[in-house]
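The values are calculated or read from the model by the stated rules, or taken from the named source; none is laboratory data. These numbers come from a predicted model, not from an experiment. Neighbour counts are summed over all protein chains in view; Cβ atoms, including those assigned to glycine, are modelled from backbone coordinates with ideal geometry.
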Amino acid sequence: MNYEQIDYSVADGIATITLNRPEKLNAFTGVMMAEMIDAFDRIDADDAVRCVIVTGAGRAFCAGADLSAGAKTFDYDQRTDRPEKGGGAKTLTYDMEEARDGGGRLTLRIFRCLKPVIAAVNGAAVGVGSTMQLPMDIRLASESARFGFVFARRGIVPEAASSYFLPRVVGISQALEWCYSGRVFDAQEALKGGLVKEVVSADRLLARANELAREIADNTAPVSVALTRAMLWRGLGYSSPMDAHKVDSRAILSRGRSGDAKEGVTSFLEKRQPVYPDRVSGDMPDFFPWWEEERYA
């Protein structure tokens, strides 16, 4: 796929996705959704990629949905520019694939990613600009970043599966206050509320994101990181620690037999950088993805 609304690059094991509609403050469209999903497909398929950074071009991260369609922006029955409708009119029902929320399609793809994802929030991040970050693993903000779960002020509701992600990231009380009010808040409030890990100066944002990505890429086993990401995110839905214990036990047994485990111990004892042999493209353990098994449903 040739990208029109994002830039995608890979350097030294770190992929960078840049939302690239700066003249529109990187407002989200169906095209951007499809391009980002395609980029995450490429990331998972490329063993050279160890970590992902998502940021925005210009002075915004993503100012939310593109409102250029006016009053029919969120009325998908009236829209003919959504890619999945093929330019044709169609009355949607709840069970149609075309009725699925576009932001949710993206966040679910990020949720399934096998690589760690870092958000480098360089400016305004409103609506889907905030919710798309929630399944990312580490969120950094520049001092000029602004956030807003503004849906109630637009007559709609939180989307992009944020009713699942946001309370798990910041807690239910904070999530409700931000969503009830729909107000825009600054980076320091996002930090205090647990939405972001750090606030840094604008000129340090990408450098700091790359430092974190480099720490992961240089020192950890790709398969172990992919499993850890799935274990921790999926574990948020477990009803009992026994559910986690079942998965942990499988993972420890399978990883303990791997060349990665041998290399991890040997490189530590020899005081050298590890060179892990296993790759996510072909060496994930046989119980992965465990959540698709009936007994783990």
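Yes or no, residue by residue, for (1) modelled with pLDDT of 95 or more; (2) of a type in the set (S, T, N, Q); (3) touching a helix residue (DSSP H, G or I) at 6+ places or on another chain (Cβ under 6 Å); (4) exposed (fewer than 14 other Cβ atoms within 10 Å of the Cβ):
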position	(1), (2), (3), (4)
S173	yes, yes, no, yes
G193	yes, no, yes, no
S201	yes, yes, no, yes
L205	yes, no, no, no
N210	yes, yes, no, no
A213	yes, no, no, no
A221	yes, no, yes, no
G235	yes, no, yes, yes
S240	yes, yes, no, yes
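Consider the range 216-247. How many of its residues are closer than 20 Å to A45 by Cβ, of a type in the set (A, V, I, L, M) and not in a helix (DSSP H, G or I)?
Adding up the residues that qualify gives 1.
Conditions (1) exposed (fewer than 15 other Cβ atoms within 10 Å of the Cβ); (2) touching a Gly at 6+ places or on another chain (Cβ under 8 Å); (3) without any contact (Cβ under 8 Å) to a residue 24 or more places away in the chain; (4) of a type outside the set (A, V, I, L, M, F, W, C), marked per residue:
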residue: Q5; (1), (2), (3), (4): no, no, no, yes
residue: A11; (1), (2), (3), (4): yes, no, yes, no
residue: I14; (1), (2), (3), (4): no, no, no, no
residue: R21; (1), (2), (3), (4): no, no, no, yes
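Looking at (1) modelled with pLDDT of 95 or more; (2) part of a loop (DSSP other than H, G, I, E, B), can you tell me which one R250 breaks?
Failed condition: (2).
Could you identify the single residue in S240, S281, S254, S267 that is outside the structural domain of R109 (by TED's automatic domain parsing) and in contact (Cβ under 8 Å) with a residue 60 or more places away in the chain?
S281
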